[in-house]
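Student: Next up is a structure, given as structure tokens.
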Amino acid sequence: MSATRAPVSRPARADERVAAVGLWRRLLVKPELGSLIGAVVIFAFFSIQSSVFRSLSGVANWLDVASTLGIMAVAVALLMIGGHFDLSAGVMTGTTALTVGIVATELDQNIWVAIAASLVLALAIGFTNGWLVTRTGLPSFIITLGTFLMLQGLNLGLTKLFTGTVIVRGIADAPGFHSAQLVLASRVSLFGQDFRIAILWWLLATAVASWVLLRTRFGNWVFATGGDEVASRNVGVPAARTTITLFMTTAAAAWLVGSITAVRLTSVQANTGTGQELIYIVAAVIGGCLLTGGFGSAIGASLGALVFGMTQQGIVYLNWDADWFYFFLGAMLLLAVLSNRLVRRYAEAARR
Amino acid sequence: MSTAAGDGSGAPLLELRGIGKDFGSVIALDDISTTVRAGEVTCVLGDNGAGKSTLIKILSGVHRPTRGELLLDGRPVDFGAPREALDAGIATVYQDLAMIPLMAIWRNFFLGSEPTTGWGPFRRFDSATAKEVTRRELGAMGIDIRDPDQPVGTLSGGERQSVAIARAVHFGARVLILDEPTSALGVKQAGVVLRYIAQARDRGLGVVFITHNPHHAHPVGDRFLLLNRGRSMGDFAKGELSREQLTTMMAGGDELTELAEELERPAGR
Ligand SMILES: Nc1ncnc2c1ncn2[C@@H]1O[C@H](COP(=O)(O)OP(=O)(O)OP(=O)(O)O)[C@@H](O)[C@H]1O
Ligand SMILES: [Mg+2]
């Protein structure tokens with residue numbers, strides 16, 4: 001947008017100035033603006049101080065951290081725009097990874113069969129979450145807290161039952177493992193540096209989510225359901241179906257991340273993913289999602305995940321104590337919430 | 001019920017027979033009957049809490065009636081969801097407008113009925129058409145929006161009302177229902193809305209116009225259904241009722257006289 005306006009030599013007429021203000025305002029209402037600024041600032045901060053951070057291998061490293069987080073953050077952002085939370089999203093990455101592992105090793109199945117079984121399970125959990133939320137009208141926060149705790153218990157209990165330990169091992173021995181590794185856990189060489197293929201999945205997820213949100217009917221329904229569910233139902237939006245689809249999308253994202261984790265590490269801890277759910281929500285909020293629903297962006301959530309990845313690795317490269325990571329996180333969340341509020345207020349007031 | 005107003009000689013578009021609605025122990029509506037004919041305006045009048053909004057929510061599929069029958073083209077219908085009423089050609093402007101404040105005007109305009117282009121998995125919301133139609137339909141209502149991307153929440157009350165009406169007119173194939181569209185408006189904008197109602201009527205739509213203002217109802221109405229505390233105080237054709245009678249009935253005749261006396265007494269002492 002700004003590129004096409006750049007060559008204007010001098011804003012001579014009054015009209016020109018009005019247009020410029022309009023453009024500025026239009027930028028400000030973009031939910032992802034805050035996270036873009038945040039990402040640039042964080043990048044500058046760490047790359048000035050650490051040469052490893054700005055080196056290609058450093059970039060590959062923090063992009064990798066951001067990638068699996070980003071896939072989840074994007075799905076969680078869609079759900080938040082649709083007006084709901086999913087506290088079971090974190091533990092579900094563990095559930096899906098463990099399912100891949102247990103079906104492949106303990107039930108001696110082809111890895112692709114295990115991955116497919118894991119998808120079916122994930123979609124069923126997502127459907128249950130969504131169905132319970134739409135059926136009962138209870139806050140999704142409390143419903144998914146319930147499924148979160150149940151899944152946490154199941155993850156540990158079933159892993160112990162099948163393996164006798166809290167780890168599922170030996171996924172690499174499953175038939176079909178090499179093709180799964182190629183798709184989910186290989187590396188792609190670019191400028192002489194190996195990048196994890198998960199980064200590609202992350203970019204794809206962001207692009208698809210963004211397209212769906214902004215360019216399809218379903219995207220319109222997501223914004224509307226999150227903005228005012230009763231009103232959208234009254235004009236004919238299938239609000240319940242939209243909500244259930246969003247929960248299933250989040251579950252599918254957890255499945256993708258879980259499968260990537262299982263294939264990459266070839267062993268899965270029973271507590272995988274627990275506690276991550278809040279980080280997804282924080283990334284989405286940094287990306288401009290309102291906690292009240294109806295506003296936000298997939299690209300913003302991705303940038304939020306990027307901020308996370310950079311901070312986490314940056315602190316390591318600077319040899320700081322890892323505890324500072326959480327301080328940073330909290331500070332960033334507060335900043336994001338405050339700036340979201342200010343930006344929105346300004347944008348709305350200016351348009352009156 | 002037996003006398004049809006104006007030239008509406010065929011079967012009524014929409015007919016209500018003894019409609020009633022309970023919310024738990026609250027009887028919000030009881031034994032309501034009236035007709036809506038193509039090219040006519042049926043006005044529903046009543047005080048606050050009389051059950052006007054409840055009645056239109058039954059017509060638009062938000063609520064299911066507890067009692068009574070709803071007939072569309074003479075056939076009984078049972079709307080389970082607003083979508084079903086919309087598909088039957090009944091469009092509604094709700095009292096709360098049913099618009100999402102944070103969403104752009106054009107997105108709100110087509111919400112629930114988005115036009116699409118493309119094929120298969122690449123089918124997408126045809127935003128160019130949506131913006132174009134929004135601009136055109138609002139222009140027809142005399143509203144010139146500079147930026148259809150503007151969030152609806154930043155429009156004035158009157159503008160928002162107009163967007164909601166323009167939307168309903170655009171999608172209301174046969175019946176257009178308006179819940180108190182003039183109550184929040186100034187004299188001039190109310191006039192614009194009334195003219196719009198007349199236009200929709202002339203295009204052959206059946207219009208249901210809810211209001212508590214007899215001065216707005218009388219000039220455009222062909223049929224008047226008066227509600228009081230959930231019950232019908234009568235269903236009249238235009239010729240059967242003068243504006244004065246309508247006003248008196250609306251105010252509740254005796255109550256008004258009583259009120260006048262009550263207000264006068266202290267001054268008289
Ligand atoms: N969902 C509901 N649950 C319980 N009671 C309801 C519900 N909706 C409406 N009512 C009751 O039904 C009665 C009629 O309400 P309604 O909204 O239809 O009135 P109205 O004529 O539209 O009033 P107004 O002029 O203020 O809009 C009121 O007493 C209201 O409290
Ligand atoms: Mg009402």
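The values are calculated or read from the model by the stated rules, or taken from the named source; none is laboratory data. Quick caveat, the model's predicted, so the values are computed rather than measured. Reconstructed Cβ throughout: ideal geometry from the backbone, glycine too, with neighbour counts over all protein chains shown. With ligands, DNA and RNA removed, areas are computed over all heavy atoms of the protein, side chains included. Shrake-Rupley method; radii C 1.70, N 1.55, O 1.52, S 1.80 Å.
Student: What are the principal axis extents of the Cα atoms in chain B, in Å, biggest first?
Tutor: Taking the Cα atoms of chain B, the three principal extents are 74, 47, 41 Å.
Student: Also, quick follow-up: Loop by DSSP (not H, G, I, E, B), at most 16 other beta-carbon atoms within 10 Å: where is the longest site-free stretch of chain A for chymotrypsin sites (Phe, Trp or Tyr not before Pro)? Walk me through the intermediate numbers first.
Tutor: Numbers: sites that count: A:191, A:320.
In chain A, the maximal stretch lacking such sites is A:1-190.
Student: Where in chain A are the helices, taken as whole DSSP H runs, whose Cα atoms extend 24 angstrom or more along the long axis and whose Kyte-Doolittle mean reaches at least -0.5? Mind showing how you got there, number by number?
Tutor: Numbers: long enough: A:33-49 (25 Å, 2.09); A:56-81 (34 Å, 1.79); A:111-136 (37 Å, 1.52); A:140-163 (33 Å, 1.26); A:198-215 (25 Å, 1.69); A:239-265 (39 Å, 1.14); A:298-317 (28 Å, 1.18); A:324-351 (40 Å, 0.74).
Flagged H segments are A:33-49, A:56-81, A:111-136, A:140-163, A:198-215, A:239-265, A:298-317, A:324-351.
Student: Continuing with the same structure: Restricted to Cα positions, what overall size does the protein assembly as shown have along the principal axes? Three whole-Å values, descending.
Tutor: 89, 69, 60 Å, listed from the longest principal axis down.
Student: Restricting attention to the range A:129-228, which trypsin sites (Lys or Arg not before Pro) occupy a DSSP loop and are surrounded by at most 14 other Cβ atoms within 10 Å? Walk me through the numbers on the way to the answer.
Tutor: Details: sites: A:135, A:160, A:169, A:187, A:196, A:215, A:217; in loops: A:169.
Loop-located and lightly packed - A:169.
Student: Just from its helices, what would the mean residue ellipticity at 222 nm be for chain A, if runs of 4 or more DSSP H residues each count -39500 (n - 2.57) and the sum is divided by every residue, rounded to the nearest 500 deg cm²/dmol?
Tutor: -24500 deg cm²/dmol
Student: Within the range A:243-258, name every residue whose backbone N is under 15 Å away from a label modeled 7 Å from Cα of residue B:81 along the Cβ vector.
Tutor: Within reach of a label on residue B:81: A:243-246.
Student: Give me the accessible area buried between chains B and A, both sides summed, with a 1.4 Å probe, in Å² rounded to the nearest 100.
Tutor: Details: alone 13510 and 17300 Å², together 28480 Å².
In total, this chain pair buries about 2300 Å².
Student: Another question, if that's okay. Please turn the phi angles of the range B:175-185 into ³J(HN,Hα) values with the Karplus equation 6.51 cos²θ - 1.76 cosθ + 1.60 (θ = phi - 60°), one per residue in order, whole Hz, x for glycine and proline.
Tutor: 3J(HN,Hα) across the range B:175-185, in whole Hz: 10, 10, 10, 10, 9, 6, x, 9, 5, 9, 9.
Student: Moving on. Only Cα pairs within less than 10 Å get springs; with that Gaussian network setup on chain B, which residue of B:111, B:70, B:225 has the largest fluctuation?
Tutor: Per the Cα network of chain B with a 10 Å cutoff, B:111 tops the list.
Student: When the Kirkwood radius is taken over all Cα pairs of the range A:32-346, what Stokes-Einstein diffusion coefficient follows at 25 °C and 0.890 mPa s, in µm²/s?
Tutor: On the way: Rh = 19.8 Å.
My calculation gives 124 µm²/s for D.
Student: Next up: Probe of 1.4 angstrom, ligands and nucleic acids ignored: what's the accessible area per residue over the range A:160-306, in square angstrom?
Tutor: 40 Å²
Student: List every residue whose amide H lies under 5 Å from the amide H of residue B:38, counting only residues 5 or more places away in sequence or on a different chain, with H placed 1.01 Å from N in the peptide plane.
Tutor: Long-range HN contacts for residue B:38: B:13.
Student: With point charges of +1 on the Cβ of Lys and Arg and -1 on the Cβ of Asp and Glu, referenced to the Cα centre of the range B:111-250, which listed residue (B:230, B:129, B:215) lies farthest in the positive direction of the dipole?
Tutor: Projecting each Cα onto the dipole axis, the largest value belongs to B:230.
Student: Here is a further query. Which value, in debye to the nearest 20, describes the size of the charge dipole of the range B:10-66 about its Cα centre when Lys and Arg Cβ atoms bear +1, Asp and Glu Cβ atoms bear -1, and nothing else is charged?
Tutor: Details: 6 positive and 6 negative charges, 37 e Å.
Around 180 debye, computed over the range B:10-66.
Student: Could you size up the charge dipole of the protein assembly as shown around its Cα centre, putting +1 on the beta carbon of Lys and Arg and -1 on that of Asp and Glu, and report it in debye to the nearest 20?
Tutor: In debye, rounded to 20, the protein assembly as shown gives about 1580.
Student: Now for a different question. For chain A, modelled as a Gaussian network with Cα springs under 10 Å, which listed residue fluctuates most, A:182, A:87, A:69?
Tutor: Ranking A:182, A:87, A:69 by mean-square fluctuation puts A:182 first.
Student: Also: For the protein assembly as shown, give the percent of accessible area contributed by carbon and sulfur heavy atoms, probe 1.4 Å, rounded to a whole number.
Tutor: Roughly 59 percent of what the probe reaches on the protein assembly as shown is carbon or sulfur.
Student: Partner chain Cβ atoms within 10 Å, averaged over the residues of B:173-181 - can you pull that number for me?
Tutor: For peptide B:173-181, the averaged partner shielding equals 0.
Student: For the full complex of protein chains and a 1.4 angstrom probe, list A:57, A:47 by accessible area with the highest value first. All intermediate terms of the calculation are to be shown ahead of the outcome.
Tutor: Values: A:57 55, A:47 15 Å².
Result, largest first: A:57, A:47.
Student: Further, regarding this structure: Taking the Cα atoms only, what angle lies between the long axis of helix B:157-171 and the longest principal axis of chain B, rounded to 10 degrees?
Tutor: Orientation of helix B:157-171: about 70 degrees from the principal axis.
Student: Here's something else I'd like to know. Give, rounded to the nearest 20 debye, the magnitude of the charge dipole that chain B has about its Cα centre when Lys and Arg contribute +1 at Cβ and Asp and Glu contribute -1 at Cβ.
Tutor: 760 debye
Student: Using only the Cα atoms of the range A:174-319, what semi-axes does the equivalent ellipsoid have when each is the square root of 5 times a gyration tensor eigenvalue? Give whole Å, largest first.
Tutor: With the √(5λ) rule applied to the range A:174-319, the semi-axes are 32, 19, 15 Å.
Student: Most mobile of A:108, A:321, A:64 per a Gaussian network model of chain A (Cα springs, under 10 Å)?
Tutor: A:321
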